[in-house]
1. Six or more apart or on different chains, Cβ under 6 Å: which pairs go from a residue in the stretch 235-254 that's touching a residue at least 24 places away in the same chain (Cβ under 8 Å) to one that's assigned to a loop (DSSP other than H, G, I, E, B) and surrounded by fewer than 18 Cβ atoms within 10 Å (Cβ to Cβ)? Could you list them?
2. Is it the case that some residue within the stretch 219-237 is part of a loop (DSSP other than H, G, I, E, B), surrounded by fewer than 18 Cβ atoms within 10 Å (Cβ to Cβ) and at pLDDT below 90?
3. Kindly indicate the residue of the stretch 120-160 that is modelled with pLDDT of 90 or more and part of a loop (DSSP other than H, G, I, E, B) and also surrounded by the fewest Cβ atoms within 10 Å (Cβ to Cβ) among those meeting that condition.
4. Would you call residue 195 in a loop (DSSP other than H, G, I, E, B) and free of Cβ contacts under 8 Å to residues at least 24 places away in the same chain?
5. Filtering the stretch 239-254 down to residues that are touching a strand residue (DSSP E or B) at 6+ places or on another chain (Cβ under 6 Å) and farther than 25 Å from residue 65 by Cβ, which residue is surrounded by the fewest Cβ atoms within 10 Å (Cβ to Cβ)?
6. Give all pairs with beta carbons closer than 9 Å in which a residue from the stretch 92-110 that is at negative phi meets a residue that is in a loop (DSSP other than H, G, I, E, B) and loosely packed, with under 13 Cβ neighbours inside 10 Å; count only pairs at least 6 apart in sequence or on separate chains.
7. Quick one: which of 175, 185 is in a loop (DSSP other than H, G, I, E, B), surrounded by 15 or more Cβ atoms within 10 Å (Cβ to Cβ) and within 18 Å of the chain's Cα centre (by Cα)?
8. Would it be correct to say that residue 210 is surrounded by fewer than 17 Cβ atoms within 10 Å (Cβ to Cβ) and under 20 Å from residue 249 (Cβ atoms)?
C-alpha cells in the first residue's frame with residue numbers, strides 16, 4: 001500500500017503562500033497528480049483525538065490513547081503527553097509510526113516523519129506536573145503537513161507561546177486547541193494562543209461538556225465565525241479555507 005501511495009504522488013513546486021514550519025518548507029509539497037484541489041479530511045474521534053486522512057489515503061490519529069480510535073489502525077499516531085488519557089504504551093502493532101511528544105531520557109523529542117503525502121514534525125513545550133512544578137519538554141505541539149495545509153495540534157499546552165516558538169511554528173492554517181478551561185489553559189489564555197498563531201480554522205477539543213464548549217464558542221464569536229456541525233468530519237483544502245477566521249465545533253465523545 002505504501003509503495004502504491006508513493007507511485008501515485010507527483011512533485012509540484014512549493015506554493016509561495018503555503019509555508020509551514022521552517023523544517024517542513026525545505027522540499028516541495030507532494031500530492032496526487034489527479035487532484036486539482038487536494039483536500040484533507042479531519043474527523044473528531046473524541047477527547048483530544050482527531051483522524052486525519054490525506055489525499056493519498058494516509059491516515060494519522062492525534063493524541064492517541066487507544067480509547068478514541070478508528071475501526072482500522074491508522075498509519076501513524078502521535079501522543080502529546082504521557083498522561084493516562086493521552087497516550088498508550090501498547091498501541092496496535094499494525095500502526096507503523098508511533099510518535100511520543102514528551103522527553104524520554106536526556107534528549108528532547110524530535111520528529112520529522114514522512115508517510116506518503118503526509119509530513120509530521122513537532123515542537124516540544126514545557127508542561128505543569130501534578131505537584132505544581134514544571135516538566136521540561138513534557139508535551140509537543142505536532143504539526144501535520146499535507147494537501148498544502150499546515151495543521152497544528154497543541155496537545156496539553158499549558159502556557160502562552162514565546163516568540164521563538166512562533167518562529168518555529170511558521171504559518172498554521174488549522175489549529176486544534178484544548179478548551180477545557182482548567183486542566184490545560186484557561187479559555188482566555190486559549191484565545192490568546194489562538195490570537196498568537198492566527199489560524200484560519202480552529203477546531204476545539206478536550207472540553208468535557210457541552211456547557212464548556214458553549215462558553216468557549218460564545219467568547220470566540222468576537223472576531224471569529226462560529227460553526228457547529230452535526231457531522232464529526234470536516235473536509236479542508238487550501239482553496240476552500242474560510243476568508244474570515246472560523247471556529248468549527250465537531251461533535252464527539254468528551
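1. From the stretch 235-254, the pairs are 237/37; 239/37; 250/229; 250/232; 251/232; 252/232; 254/208.
2. No - not one qualifying residue is present in the stretch 219-237.
3. So the residue we want is 148.
4. Judged against the criteria, residue 195 is not a match.
5. Here the answer is 244.
6. Cβ pairs passing all conditions: 94/72.
7. On inspection, the qualifying residue turns out to be 185.
8. Taking the combined requirement at face value, the residue satisfies it.
The values are calculated or read from the model by the stated rules, or taken from the named source; none is laboratory data. These numbers were taken from a predicted model, which means no experiment stands behind them. In this analysis, Cβ positions are derived from the backbone assuming ideal geometry, glycine residues included, and neighbour counts consider all displayed protein chains.
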